[in-house]
Amino acid sequence: MPSHIKTKNCLPALLFGASLCLSQAAGAATAYISNEKDDSLSLIDLDTLEVIETIDVGQRPRGITFSQDYSKLYICASDDDTVQVMDVATHTIISNLPSGEDPEQFALHPDDRRLYIANEDNALVTVVDTVKEQVIGQIDVGVEPEGMAISPDGKVAVNTSETTSMLHWIDTDTHELIHNTRVDQRPRHVEFTKDGKLLWASAEIGGTVAIIDVDSKEVIKKIRFEIRGIHGDKIQPVGIKLTDDGKTAFVALGPANHIAVVDAKTFEVIDYLLVGRRTWHMEFSPDERYLLTTNGISGDVSVIDVQKRKAIKSIRVGRFPWGVAVKPD
Amino acid sequence: MRIPNRHTRRIGKILLTSLLTVLPALALAKPTDVTIGYLELSVPDAPLLSNVLPPPEDNGEQGAILGIADNNQGARFLGLNYVLKSLRSESLDALIQQSEQWHEQGVRYLIANLPAPALEQLSRSWQGKPILIMNAGSADNALRTTRCLSNVLHTLPSRAMLTDALGQWLIHRRLGRWLIIEGQQTEDKAYADSVRRTAKRYGARIVDEKTWTFESDLRRSAQTEVPLFTKTREYDAVVVADERGDFGEFIPFNTWYPRPVTGTQGLTPTAWHRVVEQWGAAQLQSRFDKQTGRWMTDVDYAAWAAVRSIGEAIASQAPAQFPKLANDDPSPLMHYLLSEDFQLAGFKGRKLTYRPWNGQLRQPIALVHPRALVSQSPQQGYLHPHTDLDTLGFDRPESRCTLSQTHTVNGGR
């Protein structure tokens, strides 16, 4: 057990000072959690499953994502109208990108350079070149843009607009809208399958997850959820995560306080896992042993053992945890 | 075969040329206009004791304007364009005449911000003709129970929905003994009647009922007059029925027993208020602020929800149907709005649907004081076989309305 070894190494190290212990701890994978109402990030060591650090960032941090080499963390500081760039080694903010107003969620293009940002208050998607630190495109979309995803081949960006209930397909070369797909009310999140053939889209108020065929851009299947003792209106899907092998999907069900486990081939719901209150976003540990969920109202992160399909721990973080991103060793 | 003369040939040529210029911009085909008419009967303000904060003059209309903007943000991707026409007038005849003119121009949807009798007249004048009226102005209970209007849906909650929302909270807080104070206006009596119905429904005890008849200026004497006026058998809460805000603002903190004041003043049940910011509502509030520079009221919200309902319902139909629904026959849309398939995300934490029997928009009700949201009803534990939203206001067996007999409701999904 790595965690066991580390604890052992840590104890004698303490006698000589904390630095040795810390450098050991830095060897573990780390989850970064954005706390929307604390203007901070909580860092969780994925060996000990404990919070090891809290970092102050800009106002109302929501979506967070790493650059491909994990040297930089991009943070949507919604109330500062900027995307902050944090140097991961030193935990300092090294720049503020022009992001358009009220950035909420974003997706990094496979070129590791272009960020596609949903500007919730402005009905826009802003494209930022993170190297030149310049806005290189803005695309008009529906009311309250939220979810963002880029196809694995990098050709298409998809944005969800919550109040217009549409998925907007954006050509990443021309930055033109190429198609709009209607889904159920209040689409929150989109996720491509690894092969780029299907797109999963959650509709929070509609209570469904739509599976969209990427070629035809049409909904081919709708997944519905049912949990005993919980009114259908309170089952509100938001975050979606697919395992690397493409076999299983996890869907966070918001105020229903459960994560649905879905067979990603048959689209049947296999199980519901109880987590904290108002669960929205999720991320796997690098080995996919754990799935972390942010639970806004209970102010914690639930750790799900992916194999056992069971929540094994809840970790208290800041107020209204929103986004989660994981850095490997 | 008829040979076209030179004149028609020329027209044909012009048409062809213009068509060719347009073709490359294929996506720019002219959108279908959906025009919605907004009608408001302006009632002259009565003199009020509490006249510090008058209601906004464009109450309701601004909600409709925002609804149109929200609709259009998505409608342009569907080849639709929403247009609002408005008339505010002190004459109901003028409003009805305007609606006839609009109808001739192809308007099939009306947002009505009218008191109940005027709404009934408007509805009757359109009986059997293709038009859909959305009521954003009258909370009248009879319109949802006995005086059913076949061409009207209601986005403003009924008084019964409001008083039930309050009643559930009072009972939840174990405040089961009420003192009712009602004003002398017809609408105050209607509100008080609704409170009495709620009390019966939830087993609250009305310890006393008082009618406000004082003529004095309470801004100066509330501290001496109200305690004596409210000296009755002990109550847990006061429920005030003063819709215009004549005296009610002076009841809190002046009652004989130090008890919460609720109803039309104090802790107030309402469809919408500036303090509602959960469930994404902050976004709607901020769009409204930007547009108007003022707070969004319950009537603004009802007008917004009406326009948005039409927009969402049309967007869910096949594009081939758009022109017909927009300018010809709205009845399939009404049918759809009353069906289980319709859903509206209204920033209230869950989907909103219409009651198929009386066309009332089901919705959670906020309980607010002027600076904060206190609670939202239905309260936990108020159960219903279909949807707990139907514990507020008139459930199917309590209403004689049968707007849509073909649909059954399954609120569980």
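Whether any residue in the range B:91-114 is in a loop (DSSP other than H, G, I, E, B), at pLDDT 95 or above and on the phi > 0 side of the Ramachandran plot is what I want to check.
So in the range B:91-114, the residues in a loop (DSSP other than H, G, I, E, B) come out as B:91, B:105-108, B:114.
Among the residues that remain, those that are also at pLDDT 95 or above are: B:91, B:105-108, B:114.
Going one step further and asking which of them are on the phi > 0 side of the Ramachandran plot, we end up with B:106.
Yes, because at least one residue in the range B:91-114 is in a loop (DSSP other than H, G, I, E, B), at pLDDT 95 or above and on the phi > 0 side of the Ramachandran plot.
Six or more apart or on different chains, Cβ atoms under 8 Å: show the pairs whose first residue is in the range B:95-116 and within 17 Å of B:ASP33 (Cα to Cα) and whose second is in a loop (DSSP other than H, G, I, E, B) and of a type in the set (Lys, Arg).
Hits for this filter: B:HIS103/B:LYS129.
Answer yes or no: is there a residue in the range B:170-189 that is of a type in the set (Phe, Trp, Tyr), touching a residue at least 24 places away in the same chain (Cβ under 8 Å) and in a loop (DSSP other than H, G, I, E, B). Working first, answer last.
Filtering the range B:170-189 down to residues of a type in the set (Phe, Trp, Tyr) leaves B:178.
Narrowing further to those that are touching a residue at least 24 places away in the same chain (Cβ under 8 Å): B:178.
Imposing the further condition that a residue be in a loop (DSSP other than H, G, I, E, B) reduces the set to none.
No - not one qualifying residue is present in the range B:170-189.
Given the conditions (1) surrounded by fewer than 19 Cβ atoms within 10 Å (Cβ to Cβ); (2) in contact (Cβ under 8 Å) with a residue 60 or more places away in the chain, which single one is not true for B:ARG274?
(2)
Across the range A:154-193, what is the number of residues that are more than 14 Å from every other protein chain (Cβ to nearest Cβ) and among the basic types (Lys, Arg)?
1
Can you find, within the range B:164-179, the residue that is farthest from B:ASN59 (Cα to Cα) among those that are touching a Gly at 6+ places or on another chain (Cβ under 8 Å) and buried (at least 23 other Cβ atoms within 10 Å of the Cβ)? Even if it seems obvious, please write down each step before you answer.
Initially, the range B:164-179 is screened for residues touching a Gly at 6+ places or on another chain (Cβ under 8 Å), giving B:164, B:166, B:170-172, B:176.
Those left that are additionally buried (at least 23 other Cβ atoms within 10 Å of the Cβ): B:164, B:166, B:170.
Numbers: B:ASP164: 25, B:LEU166: 24, B:LEU170: 30 Å.
Within the range B:164-179, the match that is farthest from B:ASN59 (Cα to Cα) is B:LEU170.
Would you check if B:GLY280 is of a type in the set (Gly, Ala, Ser), under 20 Å from the mean Cα position of the chain (by Cα), within 14 Å of chain A (Cβ to nearest Cβ) and on the phi > 0 side of the Ramachandran plot? Don't jump to the end; show me each part of the working.
Numbers: of a type in the set (Gly, Ala, Ser): yes; under 20 Å from the mean Cα position of the chain (by Cα): yes; within 14 Å of chain A (Cβ to nearest Cβ): yes; on the phi > 0 side of the Ramachandran plot: yes.
When the stated conditions are applied, B:GLY280 passes them.
Table: residues versus (1) basic (Lys, Arg); (2) free of Cβ contacts under 8 Å to residues at least 24 places away in the same chain; (3) outside any loop (DSSP other than H, G, I, E, B); (4) buried (at least 16 other Cβ atoms within 10 Å of the Cβ).
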| position | (1), (2), (3), (4) |
| --- | --- |
| B:ALA199 | no, no, yes, yes |
| B:LYS210 | yes, no, yes, no |
| B:THR213 | no, no, no, no |
| B:ALA222 | no, no, yes, yes |
| B:LEU228 | no, no, yes, no |
| B:LYS231 | yes, no, no, no |
| B:VAL238 | no, no, yes, yes |
| B:ASP246 | no, no, no, yes |
| B:TRP256 | no, no, no, yes |
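Which residue is surrounded by the fewest Cβ atoms within 10 Å (Cβ to Cβ), if the candidates are limited to the range B:334-361 and must be within 14 Å of chain A (Cβ to nearest Cβ) and among the small types (Gly, Ala, Ser)?
B:GLY349
Out of curiosity, is B:SER404 of a type outside the set (Phe, Trp, Tyr), surrounded by fewer than 24 Cβ atoms within 10 Å (Cβ to Cβ), in contact with a Leu (Cβ under 7 Å, 6 or more places away or on another chain) and more than 19 Å from B:ALA271 (Cα to Cα)?
Values: of a type outside the set (Phe, Trp, Tyr): yes; surrounded by fewer than 24 Cβ atoms within 10 Å (Cβ to Cβ): yes; in contact with a Leu (Cβ under 7 Å, 6 or more places away or on another chain): yes; more than 19 Å from B:ALA271 (Cα to Cα): yes.
Answer is yes for this residue.
Please go through the range B:268-298 and pick out each residue that is outside any loop (DSSP other than H, G, I, E, B) and in contact with a Ser or Thr (Cβ under 9 Å, 6 or more places away or on another chain).
Initially, the range B:268-298 is screened for residues outside any loop (DSSP other than H, G, I, E, B), giving B:268-270, B:281-292, B:298.
Across the range B:268-298, the qualifying residues are B:THR268, B:PRO269, B:THR270, B:GLN283, B:LEU284, B:ASP298.
Residues to consider are B:ALA320, B:ALA303; find the one that is free of Cβ contacts under 8 Å to residues at least 12 places away in the same chain, assigned by TED's automatic domain parsing to the domain that holds B:SER86 and in a helix (DSSP H, G or I). So that I can check it myself, show each step before the final result.
Numbers: B:ALA303 fails: free of Cβ contacts under 8 Å to residues at least 12 places away in the same chain.
So the residue among B:ALA320, B:ALA303 that is free of Cβ contacts under 8 Å to residues at least 12 places away in the same chain, assigned by TED's automatic domain parsing to the domain that holds B:SER86 and in a helix (DSSP H, G or I) is B:ALA320.
Among B:THR297, B:THR402, which is the only one that is away from chain A (no Cβ under 12 Å), farther than 14 Å from B:THR155 by Cβ and of a type in the set (Ser, Thr, Tyr)? Break it down stepwise before answering.
Working: B:THR297 fails: farther than 14 Å from B:THR155 by Cβ.
Going through B:THR297, B:THR402 in turn, just one is away from chain A (no Cβ under 12 Å), farther than 14 Å from B:THR155 by Cβ and of a type in the set (Ser, Thr, Tyr): B:THR402.
What strands (runs of 3 or more DSSP E) completely inside the range A:214-329 contain at least 2 residues that are more than 28 Å from B:LEU352 (Cβ to Cβ) and of a type outside the set (A, V, I, L, M)?
On the way: elements: A:218-224, A:240-242, A:248-252, A:258-263, A:269-274, A:279-284, A:290-295, A:300-305, A:310-316, A:321-327.
Filter on the range A:214-329 gives A:248-252, A:279-284, A:300-305, A:310-316, A:321-327.
The values are calculated or read from the model by the stated rules, or taken from the named source; none is laboratory data. What you see is a predicted model; the values in this text were computed from it and never measured. Ideal geometry is used to build each Cβ from the backbone, glycine not excepted, and the neighbour counts take in all protein chains shown.
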